[in-house]
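Input: a single structure, listed below in structure tokens.
Laboratory data are not the source of any read-out in this text; all were calculated from the coordinates shown. Worth saying up front: this structure is predicted, and the values here are computed from it rather than measured. Reconstructed Cβ throughout: ideal geometry from the backbone, glycine too, with neighbour counts over all protein chains shown.
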């Protein structure tokens, strides 16, 4: 009954608090209005500036979110949403203020009882601390609030950027912030255009090295005026942007090939400072144009806020000298005769080589299955040891919870036990279940980051490839530091390669007198990598394990697996 009451109460309160469109969804000129905006887990909620009392009830049922930063802007301001800004382990919302109006920021949850536990500071342009860490200016009770809240100030800095951040001095994990950007100009600025070819790469603005791809550039922007190159000569074009932390970009490619014009959206909500355009999108002769603008549909922003980079793909040169079939026939016959003779001479030897290679591949496959069969019991033994430790501590509830997780994970491992390759999606799901299970015991924090451009369901990798390294990061690394432990697993694509990285802040690497890494699971994994390289010679696997200060980094590169 109690849980049903809180579900009902949450629904009632959210019915009064108006959800606002997310930054990525805002496609029309919605004005800010007469309210405060509060960000919660990536969603934005508006509360009328005459009824802040609603926040008291909402805060009451969200005790894990101790402070709420509310922002009030010019009611007539439009296009104010921007990209969130990363700050260590936090992401702060940011707001674009395209006029010269001020911004008010309050901290709901800071009261008379805890105000002395909080400090705030203000940083201009990510370089100048205008207000050092200080006590809050005052407590305030306005806008229909039924209890006091922290008032951080009213800020105005046209042409500049301000970060307002507040933290709890007793618990630095309680930290919130907001970025205000009084930016009147959203036009992207490309600092460099990198051309990647099969055998080399170069900066387009380097006339000595750019093979004549461009000779004229705009004076202030550096945009090429006569950018052109032969078809199939460019693998990719990389655009480097000037830092744009609060403004996400979208890239369009306009094609005009054989009189047919087409526009393709290449990437939406790009927050990185670079973007790659693959050569497959411009492999035919024709006229092309790259369009970069603040994230939104094409035509939303005025032309002076849009960057255009035109270029031309030229046909491959054709030799003027033509040879008739009659002239070429004797050479063709001679060539074919030579090929037949050579084939007869080498056929037998090649058959022997193929038979030997097949035998070696079969042997490597059997060894690989043997190592996989040893890794599964090793994983099971470690998990059962963890359950035994919980039982010995009389933590029956924890052991039962752990055992339930372990049962589900065991079924996944057994179901895929005969498969040497798993989809990236399955591998990460098993890994996530395992980390959740161990998190119940040790309390560490973890994060699995995947490249959004990777098709996880269709990309296959060796099964249980990451598991032994994650187990070592848990058992011999973050298990020592408990709640202070951090594990990050990242998967990203690089061309046709997959880069797998595991980072932790533990101390689990052990090296023997011969300089070799010890540990049963790690040794099996190293042997497995060696066998994978025998089995997949055109798709080599490399493994590197390094110490980086307080922690260990494991990097695995799967070459040509995409």
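Its alpha carbons considered, region 190-314 gives a radius of gyration followed by a Dmax of 14.0, 40 Å.
Taking R0 as 25 Å, what FRET efficiency do you get between residue 100 and residue 41 from their Cβ-Cβ distance, rounded to the nearest 0.05? Taking R0 as 25 Å, the efficiency between residue 100 and residue 41 is 0.20. Derived value for region 41-149: Kirkwood hydrodynamic radius 15.7 Å. Basis is the mean of 1/r over every pair of different alpha-carbon atoms. Computed packing ranks the peptides 491-498, 463-470 as 463-470, 491-498, most packed first, by mean other Cβ atoms within 10 Å. Can you give the percent of C-alpha pairs in region 109-169 whose distance is more than 17 Å? Cα-Cα pairs of region 109-169 separated by over 17 Å account for 44 percent. Report the residues of region 467-483 in range of a label on residue 432: point 7 Å along Cα→C-beta, backbone N strictly under 20 Å from it. Within reach of a label on residue 432, which here means backbone N under 20 Å from a point 7 Å along Cα→Cβ, region 467-483 contributes 467-471, 474.
The orientation-averaged shadow of the Cα convex hull for region 125-247, equal to a quarter of the hull surface, comes to 13.3 nm². The stretch between residue 243 and residue 381, if pulled fully straight at 0.36 nm per residue, gains 44.8 nm over its current Cα-Cα span. Shape analysis of region 453-497 based on the Cα gyration tensor places the equivalent ellipsoid semi-axes at 27, 12, 8 Å, largest first. Sorting the segments 438-444, 448-454, 264-270 by their residues' average number of neighbouring beta-carbon atoms within 10 angstrom, most packed first, yields 438-444, 264-270, 448-454. The peptide list 145-155, 295-305, 82-92, put in order of mean Cβ contacts within 10 Å with the highest first, becomes 145-155, 82-92, 295-305.
Of the beta bridges in region 190-314, as assigned by DSSP with both residues counted there, near 95 percent are antiparallel.
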